[in-house]
Amino acid sequence: MLMSSLSAAEQPPAILQITIERVHAGGEAAYGAIEEKLREVCIRLACPNRYLALESISSPKEIWWLVAYATQDDVDGVAQSYARNEQLLDALNRLTALKKDIVDPPTGHMTSYRSDSSDGSSWRVGSEPFVVIAEGAGSGAVFESREHRLFTLAAAASLPDAEAAAAKLGATARPFRVRPSWSVPEDAWAAANPNIWRTGAVDAEVSPGLESVRRKKYTGGSTL
């Protein structure tokens, strides 16, 4: 499929911010309670960006947070909005500090879309209940970090589809489940698949240890 044939909502973002947290075994319940408070603070104090939460199907348990931007000006604008909202930053930093003993230090990547390495398919991340992520270029949307690491993302409509796509993408590929109750969705996601975002049905199938988690991620200097 040619990129020119896709609607604006179906085209991969020019910039994708990725933040990854690995949750320690046994820390899921505490992590969930903290993250629920973080999301509530973000809603109440008007965080300036939308974001998508993904939970790995397999262990070790990883949570990947995605924020999409159209331009570098958008990235800068979100960072400036956070900087101006001292009440929000204070609350986020205070709550995030409570997680230090239950997660590994988060890792972050600011990535750019690589149309020359991607397959040109419709961008359905956030509009389908599963996402497959692999390191390196593959069949899907490919993004390159500033450190020249490549990430391939492809959406899937079911867990079997996600597992099949992961098998094709190779040893680094892992299936993830979208977590609606941890995310603040883009309007386009909800419009494309309102059942996911209206019912939270995907969340209901997730492992009990994390099912109460509601999520907004902030680490100093990040705009996620």
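Where a number appears in this text, it was derived from the coordinates with a stated rule and is not lab data. Here the structure is a predicted model, which is why all the values come from computation and not from measurement. Because the Cβ atoms are built from the backbone with ideal geometry, glycine has one as well, and the counts that use them run over all protein chains shown.
Paramagnetic label reach from HIS24 (point 7 Å along Cα→Cβ; backbone nitrogen cut-off under 17 Å): within the stretch 95-115, residues 96-107. Extending 7 Å from the Cα toward the beta-carbon at both ALA167 and THR71 defines two label points whose distance is 4.5 nm. Here the Kirkwood formula puts the hydrodynamic radius of the stretch 75-130 at 15.3 Å, using every distinct Cα pair. The calculated FRET efficiency for the pair LYS100 and GLU10, based on their C-beta separation and a Förster distance of 41 Å, comes to about 0.55. For GLN11, the residues 5 or more places off, or on other chains, whose built amide H falls under 5 Å of its own are TRP123.
For the stretch 3-210, what is the charge dipole size about the Cα centre, in debye to the nearest 20, if Lys and Arg each add +1 at the Cβ and Asp and Glu each add -1 at the Cβ? In total the dipole reaches around 240 debye. Give the residues of the stretch 91-114 whose amide nitrogen is closer than 17 Å to a point set 7 Å from the Cα of SER81 in the direction of its Cβ. Of the residues in the stretch 91-114, 92 have backbone N under 17 Å from the label point off SER81. Using R0 = 25 Å, the C-beta based FRET efficiency linking ARG198 and ARG44 works out to 0.70.
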